[in-house]
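Visitor: Please see the structure below; I have some questions.
The values are calculated or read from the model by the stated rules, or taken from the named source; none is laboratory data. Just so it is clear, the structure is predicted and the values come from calculations on it, not from any experiment. Heads up, the Cβs are rebuilt from the backbone with ideal geometry, glycines too, and the neighbour counts pull from every protein chain shown. Note: areas computed on protein heavy atoms with side chains; ligands, DNA, RNA excluded. Shrake-Rupley method; radii C 1.70, N 1.55, O 1.52, S 1.80 Å.
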Amino acid sequence: VPNALPCRANACTLSDATAPKANKAMTQKAKEEIAATIEDVYTIDAVVTERVQAKIKRLFTELRSIQKLPESDVTLKKRVEKLENDYSKKTTKFLLDTKLNNLNLMENLVIQVMNSILAQGVSQDEWLNVSNRIHQSVSNMALSVRQKEVMRDILSKNIEVNKFFDLSLTNKKKADAQDKIIPFKTKVARNQPLFFKNDVISEEHVEMLKA
């Protein structure tokens with residue numbers, strides 16, 4: 001290679017030229033850059049929602065069952081104690097003292113709020129904020145302060161993470177975006193030098209000379 005290739009030399013393009021082959025390095029860089037802009041994909045596990053709903057329904061079924069028991073029932077004390085272990089004593093007492101119609105209404109409201117929160121998804125990263133979401137969801141409801149406290153207690157004790165990172169869908173989304181990248185081809189204007197002294201002659205240079 002000469003010290004420098006003046007524009008009048010054959011190493012300069014005689015007209016505008018485009019390399020016949022794609023510039024692999026630039027194309028790969030573009031693919032990496034577009035992949036980096038793709039957000040992670042999360043999916044909501046419907047099984048978790050069903051499990052949480054079932055837990056809430058079992059709670060209220062147990063409450064209704066206990067309410068029907070006579071004071072003399074030998075299982076009464078243990079069943080109440082179990083509820084008090086799962087929830088606060090105040091919550092347990094309030095629920096057991098609640099009339100059947102209001103108890104049924106409470107069950108429906110709890111499930112309604114739970115479904116709303118889980119429909120938006122709760123990921124592990126969002127777990128620390130879940131109590132705020134519960135608080136906000138219940139705050140504007142037309143309930144007494146005590147009813148709201150009980151609802152928050154039930155919701156917080158039963159809610160679960162249901163939104164999980166999906167590696168497969170994330171990779172597919174990145175691959176789809178990368179497939180839309182048009183391979184880069186180096187373009188050189190007329191009389192533009194292709195290389196100079198001490199340059200490493202690459203496959204790209206050769207292709208441009210062919211062009």
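Visitor: Taking θ = phi - 60°, what integer Hz values does the Karplus form 6.51 cos²θ - 1.76 cosθ + 1.60 yield along the range 90-105, in sequence order, with x for Gly and Pro?
Guide: 5, 5, 4, 4, 4, 5, 5, 8, 7, 5, 3, 4, 5, 5, 5, 5
Visitor: With each label point set 7 Å from Cα along the Cα-Cβ vector, what nm distance links residue 145 and residue 67?
Guide: 2.5 nm
Visitor: Got a sec? Which residues in the range 25-63 would a label at residue 129 touch, if it sits 7 Å along Cα→Cβ and we count backbone N under 20 Å?
Guide: So the set is 38-45.
Visitor: Would you kindly give the portion of the calculated P(r) for the range 29-186 that falls above 20 Å, as a percent of all Cα pairs? It would help to have the intermediate numbers written out before the result.
Guide: Details: 7481 of 12403 pairs.
Tail of P(r) above 20 Å: 60 percent of Cα pairs.
Visitor: Let me ask something else. Protein chains only, probe 1.4 Å: how do 149, 160 rank by accessible area, largest first? If you can, show how the numbers build up before the last one.
Guide: Working: 149 85, 160 40 Å².
Per-residue accessible area, sorted high to low, gives 149, 160.
Visitor: Over the Cα atoms of the range 126-167, what is the Rg over Rh ratio if Rh follows Kirkwood?
Guide: Details: Rg = 12.4 Å, Rh = 11.4 Å.
Ratio of gyration radius to Kirkwood radius: 1.09.
Visitor: On the protein heavy atoms, probe 1.4 angstrom, tell me the percent of accessible surface of the range 53-146 carried by carbon and sulfur. Walk me through the intermediate numbers first.
Guide: On the way: 3140 of 6050 Å².
Carbon-and-sulfur percentage of accessible area, whole number: 52.
Visitor: Given a Förster radius of 35 Å and the C-beta distance between residue 177 and residue 90 as r, what FRET efficiency does 1/(1 + (r/R0)^6) yield to the nearest 0.05?
Guide: Values: r = 53 Å, r/R0 = 1.51.
E(calc), rounded to 0.05, equals 0.10.
Visitor: Show me, for the range 125-142, the HN-Hα J-couplings you get by feeding each phi into the Karplus relation (A = 6.51, B = -1.76, C = 1.60, θ = phi - 60°), rounded to Hz, glycine and proline as x.
Guide: 5, 8, 4, 5, 9, 5, 5, 5, 5, 5, 4, 5, 5, 8, 3, 8, 7, 7
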